[in-house]
Amino acid sequence: MTGPGPASESGHVSGDVASPPPPAGGAGGTRHPRVGRRRRASAWRLRWLVRASVLMGIIAVILVATSLGRPLALPAWSGGAKPDASPLLADPSQGTSAVFAVGVVGARRAHLVATGTLPLPRAGTTGPAGYLPAVTHALAVGSPLAWSVWTDIESFGQSAWRDFVQAGRPITHRPPAVDFSREIAVLVWVVPPPGGLPAGLSGTPVSVPTSVRRASGLVLRGAILVDHVAIGLEVAPTAPDQAKPEPLATGLEGVPYALVTIPKDQWPIPPAWGTGNDPVMARFAS
């Protein structure tokens, strides 16, 4: 005669003996396993929800900490520190785009299409179109740079290029091609010295180092949106070991210049061009 075998996980006894009677609860006893399974399922769902909530909370904390730790660069023209930027070109004087580093607030596109020296109008003369208003504005704001905006091919080709940039030299090539249907041109140059102001202007121009005034041109270092409406251009003189300034006619003094084009879609609000209040600014890169 054999004794009872070991108990199994199902609660039955293995061996030759009969199974024990059902629980005393009768029919009600059959509900206990189902209730246990439901409770275990509910507990599993609760643990899953708690873990998911904790994970989402950790992700949210990481995202907030990352955004708060990212430095914000403000335009130098509005009182903030100048963004730490370097030109994206090995040789920007060859005429292509230059912008601030990716991620800088307000970065815009601008293109350097020509650089060199231009002859200042003779002292006491008003110079070509755009020259007198530009120098007047530079004196008023205390800028060592003057700039003029050109919006159509006729006035640009004649007043900006032939009567200003090429004056005193033989015309050996056409002005750079500018698509005025999609972009505007900005001519930036160093202001004349105190004795070379146009007729009728008074004041003392900002002092410019001799090395800058005698540079062979200006190169573009960056473009940024200023005060939500104006495009600020940063330029710098060419390196001292680059080509010497072009020779001029006797009695004319040359200063470095940069001819820059800016796509019209870079302004969030399209300006009314040619109104005398064109939203462009220029300064030397620090």
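The values are calculated or read from the model by the stated rules, or taken from the named source; none is laboratory data. Just so it is clear, the structure is predicted and the values come from calculations on it, not from any experiment. Cβ atoms come from the backbone with ideal geometry, glycine included; neighbour counts cover every protein chain shown. Heads up: the accessible areas ignore ligands, DNA and RNA and are worked out on the full protein's heavy atoms, side chains in. Shrake-Rupley method; radii C 1.70, N 1.55, O 1.52, S 1.80 Å.
Data for the structure
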| quantity | calculated |
| --- | --- |
| For the stretch 197-276, alpha-carbon Rg relative to the globular expectation (2.2 N^0.38 Å, N residues) | 1.41 |
| Protein accessible area in the stretch 202-273, 1.4 Å probe - carbon and sulfur % | 56 |
| Net charge of neighbours whose Cβ lies under 12 Å from the Cβ of residue 171, counting Lys and Arg as +1 and Asp and Glu as -1 | +2 |
| Computed lengthening from residue 47 to residue 129, 0.36 nm per intervening residue step minus Cα-Cα distance | 21.8 nm |
| Inter-label distance for residue 273 and residue 244, nm, one decimal - labels placed 7 Å from Cα along Cα-to-Cβ | 3.9 |
| Neighbourhood charge, 10 Å Cβ-Cβ cut-off, centred on residue 255 and excluding it, Lys, Arg +1 and Asp, Glu -1 | +1 |
